[in-house]
Amino acid sequence: MPVSFFLVLSALLFSIGVYGVLARQHAVLVLLSIELMLNAVNVNLVAFSAYLQDAGLAGQVFALFVIAVAAAEVGVGLAIVILIYRNRASVDVDDLSLMKW
Amino acid sequence: MNLLLFAQEHSEEVIESSKQGFFSDFMWLVPLLPVLSFFVILFFGKKLKDRGHSVGIAALSIGLLLSLVGFVELAAGNAAVEKSWTWFELGEHFHIEFGMNYDFLTGIMFLVVCTVSLLVHIYSTGYMHDDKRYTIFYAFLSLFTGSMLAMVLANNMMMLFVGWELVGVCSYFLIGHYWEEKENSSAAIKAFITNRVGDTGFLFGIFGLFVLAGTFNINELNHLAEEGTIGGTSLTIVALLLFCGVVSKSAQFPLYVWLPDAMAGPTPVSALIHAATMVVAGVYMTARMFILFEHAGSALDVVAIVAAITMVLAAILALIQDDIKRVLAYSTISQLAYMMAALGVGAYTAGVFHLFTHAFFKALLFLGAGSLIHAVHSNNMSDMGGLKDYMPHTFRTFMIGSLGLAGIFPLAGFFSKDEIIGGALRSASESHQAAAWIVLIAAIVTAFLTALYMTRACVMTFWGPFEGEHEPHESPGSMVTPLWVLAAATITVGFLGFPIIGPFQDWITVPGHEHHGFETLYNIVLPAGATLVALAAIGLGLQLFLFKKWRYDILASPFAWTYRLVENKYYLDDFYLKGIVRPVQYKLSAATYWSNQKILDGAVNGVAAGVLAVARPTYAVIDQQVIDFAVNGAAGLTGYSGGLLRYIQSGNVQRYAAFLFAAVAGFVALFALTS
Amino acid sequence: MTAAVYQQIVFWVLAVVIGFSAIRVVTSSNVIHAALYLVGTLLGAAGMYILLVAEFVAWVQVLVYVGAIVVLMLFGLMLTRAPIGKGKYDNDQRPLAALCAAAVFGVTSWIMIDAFEGKSIDLSGNVRSTAEGIGDLIFSKYVLPFEVVSMLLLAALVGAVVIARRDPSPGADTRSAPGKGVQE
């Protein structure tokens, strides 16, 4: 199985995630896109782990940690989104532009 | 220098440096003491009980004593002393020195100045007794004496000039002593400015000497002229420039006009300064530089002719004056011309001898006139008359002085005047130059006129009825004693110049002129003739003025214009006033003022305006527009670009993220491509 | 057919699923649908892990990602009154975003293809018990990151609680409805 397949897949997934982060207006949808990116990274890591069998399972362990961090990040992120919704009655990212010129 | 010659005659070997007298080294004290006394009187005089005269008299007494001792040393065979100290130097060629040169000429002058000054000091204690500026008068007398002595002692032209100018300044102060009257201060100014005119020429002469010879030292200059190192036309011009100083200081034609007006000063001043000492400064200078003048082409001829003109003109002027001091003033001018004429024809010893004797009898005459004025309270002879009975001492001494001036044997004037006439005759017969003949004729005519006007003066003063107001009385002893001392001098000093045996010609000689002027007295005709001339004049004067025979009303005759001419002093003063003073005063000053306002101030203002004209556009354009534009522009550009760039801060996080990812992609590609 | 062929088929199927789902996540106009499409992506990724002989990671993925994170997302959507049905969820910089995404994709894929051309993963051979192996590694070699991650989780937990907590002052509004707590 050529390793480049997996790598390209992960790249694809990552770039779709990038598109989502940049193009979506709903805050939660942005978070979903971030999850996509993290998943792409995980795929990459596991693929390399399978490819580099001499390195043991380090890639998979790393992927586990990524999953844990993703979970934490989502928790905090949603807390923020809810707080913003409570204060501004909107989850539109475009409305959060108080720091504009 | 002359002593060296003398010493040569009396010793087998030439001594390089002759023995110098002990006191001769200290002759610089003689001018210093009066100068110090000036300062002492100036600062402390008013506090002294006698108001300052004792300081002056003490200084002069010591000075006279020293002069006598020094002279005796010289006469005993000691050498002349020359010393100098450098005052300052500019570069290696220009040295200004203080120096003294004590030889016979200096010694004689010292004796004259100290004696006459001391006598004037004593006389003034009586004459100026009631004067309110007594102290400053004595201060200036001291300063004057010190300056005159310094000038005579000087060994270089610069120091001589310093003394020359100082005596001029003192003369100014002393003439203007009664400055409350405007005419007195005007007389002082006239004296000073007229002297200044001549001094300009004198100074240029000194500069010329330095340019030619590279030195100011008098002995060196004479030596260089004698060798011929400096000579030709340039030396003649320099000598004539030096003569300019003589013309003003020693009152020759045409700059004698200040001397009659200087009689506005107190009579002791006239006696000291304008008869015996200051006015002879010019004669002294010529005698000092005599060798240089001899080798300066025809300079001496010019001197002789000018002197000849002066002596006759002045004698004529003396004939019609009413003011007794003016008679004596014009007489002084005439006698100074005699001395200059003597030097002009080469009768060196005669000229100096006449200077010597004239000092005594002219001072005597002036002091006697002062005594008369003091008694009568008027200068005019028309207010006097018959005073021989009221003022016997003054009468006798004045007569001695007059006869001395007229040149009657055995008084001093006889010997000195005859030497001059003899010298002129010798020069005329030897060299056949026109100048010498002119001098000879003028001298004889002047001798006649001198006796005539002195007779007139004496007759008007001492004979006839008294024309004044209150009864006059004889002057106090402080005034009479100096008169008698001077009378004694007049009687005796003539014999110093007695032909052949008199010591004067040994003292005062120049190489090449030894015993000149005195050998003509072998011939008895000359002195007899001169005496006859004088007696004839006296006789004519007595007839005209005493016995009042042979009256001649000149004013009604066709020669009235001559009288008018002389009465107006040949219109010389008018010429100076209208021709020189007024144009300078009004036209030249106005022109100078105009040029100052318009040109100088215009230039200054123009520069200022120009600077302003440059400054304003510089400010308006360069500073305001260009520089501020640059500065403001930089700020504005920053603001403007900031204003544009701020739109990047949209506040939209996704926008930021987009830029971030694009940049990341870009960098990764860059790294991938370059590695 | 050989195992390699089966593997390729499975890969391509899963790849298509993952790709399609991912695209639908970022282009769907219904938020709930987007979340559910994410579930598809995640399950596809889990399948990919199983293919890569990493079943522990696969099941942890399903457990945590699908089971917790997506649910959390749905809760978030619910609490923020996600509209039902279609809505506009794309902002104005879609072209720029597409450009950025394309750039990122291009660069990374090009680098990876360039680097790993021709290399392949050997999926045959000994199959190790990955759970045991992972456990060994975590608690021996990577125990420090493990502890740090646990601290991180704790911090995230506390932080989330603090952030989303209501204002405790008396008289404050405790409802989650907007209006009373709006500050402007």
For B:F661, B:F202, order by how many other beta-carbon atoms lie within 10 Å, fewest first: B:F661, B:F202
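Place the peptides B:422-431, B:600-609, C:42-51, B:261-270 in order of packing, highest mean first, counting for every residue the other Cβ atoms within 10 Å and averaging per peptide.
Numbers: B:422-431: 21.2, B:600-609: 10.9, C:42-51: 23.0, B:261-270: 25.3.
Highest-to-lowest ranking by the protection proxy: B:261-270, C:42-51, B:422-431, B:600-609.
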Debye-sum result for segment B:571-658 in log10 I(q)/I(0), which assumes one identical scatterer on each alpha carbon, at q = 0.21, 0.22, 0.25 Å⁻¹: -0.99, -1.01, -1.09
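Please report the relative contact order for segment A:3-90, taking Cα pairs under 8 Å with a sequence separation of at least 6, and give it as a percent rounded to a whole number.
Computed value for segment A:3-90: 26 percent relative contact order.
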Dipole magnitude (debye, nearest 20) for segment B:571-658, charges at Cβ of Lys, Arg, Asp, Glu: 240
With Cα atoms, 0 to 90° folded angle of helix B:157-175 axis to chain B main axis: 70
Interchain or long-range residues, amide H under 5 Å from B:Q433's placed H: none
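Report, in deg cm²/dmol and to the nearest 500, the calculated mean residue ellipticity at 222 nm for chain B, where each DSSP H run with n ≥ 4 adds -39500 (n - 2.57) and the sum is divided by the residue count.
Working: 28 runs with 439 residues, N = 675.
Mean residue ellipticity, 222 nm, calculated: -21500 deg cm²/dmol.
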For peptides B:635-645, B:89-99, sequence by mean Cβ density within 10 Å, most packed first: B:89-99, B:635-645
Label zone at C:D122, where the point sits 7 Å out along the Cα-to-Cβ direction: segment A:56-93 residues whose backbone N lies under 16 Å: A:56-57
Chain A: translational diffusion in µm²/s, Stokes-Einstein, Kirkwood Rh over Cα pairs, 25 °C, 0.890 mPa s: 161
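Please find the FRET efficiency linking C:L157 to B:Y640, where r is the Cβ-Cβ separation and R0 is fixed at 41 Å, and quote it to the nearest 0.05.
Numbers: r = 50 Å, r/R0 = 1.21.
Computed FRET efficiency for C:L157 and B:Y640: 0.25.
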Links that overshoot a 19 Å alpha carbon limit, given the list B:K83/B:K249; A:K100/C:K88; B:K388/B:K417; B:K325/B:K362; B:K190/B:K362; B:K190/B:K569: B:K83/B:K249; A:K100/C:K88; B:K388/B:K417; B:K190/B:K362
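Tell me the relative contact order for chain B as a rounded percent, counting alpha carbon contacts under 8 Å between residues six or more apart.
It rounds to 11 percent for chain B.
Under the classification rounded if a/c is under 1.5, otherwise prolate if a/b is larger than b/c and oblate if not, where does chain C fall, given a ≥ b ≥ c as square roots of the Cα gyration tensor eigenvalues? Can you show the working numbers first?
On the way: a/c = 2.31, a/b = 1.47, b/c = 1.57.
Oblate is the answer for chain C, as a/c is 1.5 or above yet b/c matches or exceeds a/b.
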Cut-off 11 Å (backbone N to label point 7 Å along Cα→Cβ of C:A131), residues of segment C:39-72: C:55-57, C:59-60
Estimated FRET transfer efficiency when R0 is 30 angstrom, pair A:S90-B:A663 (beta carbons, to 0.05): 0.55
Interchain or long-range residues, amide H under 5 Å from B:N156's placed H: B:G99, B:I218
Sorted by Cβ neighbour density within 10 Å, fewest at the top, the residues C:V104, B:V611: B:V611, C:V104
Rh by Kirkwood over Cα pairs, then Stokes-Einstein D for the protein assembly as shown at 1.306 mPa s and 10 °C, µm²/s: 41
³J(HN,Hα), Karplus 6.51/-1.76/1.60, whole Hz, each residue of segment B:176-183, x for Gly, Pro: x, 4, 9, 6, 4, 7, 4, 5
Chain C: DSSP helices with Cα axial extent of at least 20 Å and average Kyte-Doolittle hydropathy no lower than 0.0: C:3-27, C:31-51, C:94-116, C:143-164
Shape of segment C:1-85, Cα gyration tensor, a/c cut at 1.5: oblate
Qualifying aspartates and glutamates (Cα of each under 19 Å from Cα of B:K578; at least 8 residues distant if same chain): B:E183, B:D261, B:E567
Neighbouring partner chain Cβ atoms per residue of C:82-94, average, 10 Å criterion: 4
Cα gyration tensor of chain B - equivalent ellipsoid semi-axes, whole Å, descending: 72, 33, 26
Cα gyration tensor shape of segment B:385-505, rounded if a/c is under 1.5, else prolate or oblate by comparing a/b with b/c: oblate
Shielding by partners, peptide B:643-652 (average Cβ within 10 angstrom, other chains): 4
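Hey, can you rank B:339-350, B:408-419, A:64-75, A:87-98 by average C-beta count inside 10 Å, highest first?
Values: B:339-350: 29.9, B:408-419: 24.8, A:64-75: 20.0, A:87-98: 16.1.
So the peptides B:339-350, B:408-419, A:64-75, A:87-98, ranked by packing, come out B:339-350, B:408-419, A:64-75, A:87-98.
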Part-to-part distance (alpha-carbon centres) for segment A:30-101 and segment B:620-665, which is given in Å: 35
Inter-chain shielding of C:24-37 (mean C-beta neighbours from other protein chains, 10 Å cut-off): 4
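How much of the pair distance distribution for segment B:316-442 lies past 25 Å, counting alpha-carbon pairs only, in percent? Mind showing how you got there, number by number?
Details: 2550 of 8001 pairs.
Taking all Cα-Cα pairs of segment B:316-442, the fraction more than 25 Å apart is 32 percent.
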Backbone HN-Hα couplings from phi across segment B:25-42 [Karplus 6.51/-1.76/1.60, Hz, Gly and Pro as x]: 5, 9, 5, 5, 5, 4, x, 5, 4, x, 5, 4, 5, 4, 5, 5, 5, 4
Phi to ³J(HN,Hα) by Karplus 6.51 cos²θ - 1.76 cosθ + 1.60 over segment B:390-398, Hz, x for Gly, Pro: 7, 10, x, 4, 4, 4, 5, 5, 5
Placed amide H near B:W87: partners under 5 Å, 5+ positions off or other chain: B:I96, B:E97, B:F98
Mean Cα-pair separation over length for segment B:298-567, i.e. relative contact order, pairs under 8 Å, 6 or more apart, %: 26
Where GluC sites (Glu not before Pro) fall in DSSP loop in segment C:59-163, at most 13 other Cβ within 10 Å: C:E117
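Could you estimate the translational diffusion coefficient of segment B:298-567 from the Stokes-Einstein equation, with Rh from the Kirkwood formula over C-alpha pairs, at 10 °C and 1.306 mPa s, in whole µm²/s?
Approximately 84 µm²/s, per Stokes-Einstein.
All of the numbers you see were taken from the coordinates with simple rules; none came from a lab. Keep in mind that this is a model prediction, so the values were computed, not measured. Every residue, glycine as well, gets a Cβ built from its backbone with ideal geometry; the counts of neighbours run over all protein chains shown.
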